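Worksheet: one structure, shown below.
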Amino acid sequence: MSGLKLHVGFDIVNIDGEFIVSKIVETEAYGGREDKACHAGRFGLTKRTAPLFGKVEFSYVYSVCIYKHFCLNVVVYKDEDAGGVLVKTLQPLSGLGVILRILGKREIRCEEIT
């Protein structure tokens, strides 16, 4: 991976003047075209995989399961060669009300957390 260090740690997001503070607790790394676990490794350069071939430190969100789930990737391999880190799990520390409002929910039931 490149010199970029994506630490498991804290992230603060400002949404319309309200803050969400979360802790990055789980990540998964993908390295290059040879890594078949990476969607760019399986499918090569396509419109959908193009961000992974971009500039190191670029981050992007993409959907899976027809917009049911969203994933955050950060490009960390080499400029113009696919590879990145998937941020798999965030633990909300502050701003849960903002998150629930964005999701259109009043509460989250335990069975919804996977």
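The values are calculated or read from the model by the stated rules, or taken from the named source; none is laboratory data. Just so it is clear, the model here is predicted, and its values are computed rather than measured. When we count neighbours, we look across all protein chains shown, and the Cβ atoms used for this are built from the backbone with ideal geometry, even at glycine.
Here are the numbers for the structure shown:
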{"item": "Top-ranked residue in the stretch 5-32 [being surrounded by 11 or more Cβ atoms within 10 Å (Cβ to Cβ), out of contact with any Leu (no Cβ under 9 Å at 6 or more places or on another chain) and not acidic (D, E); ranked as modelled with the lowest pLDDT]", "result": "L6"}
{"item": "Residues (at pLDDT below 85, surrounded by 13 or more Cβ atoms within 10 Å (Cβ to Cβ) and more than 18 Å from the chain's Cα centre (by Cα)) located in the stretch 79-97", "result": "D81"}
{"item": "Lone unmet requirement of (1) within 30 Å of F19 (Cα to Cα); (2) out of contact with any strand residue (DSSP E or B) (no Cβ under 6 Å at 6 or more places or on another chain); (3) exposed (fewer than 11 other Cβ atoms within 10 Å of the Cβ) for K105", "result": "(3)"}
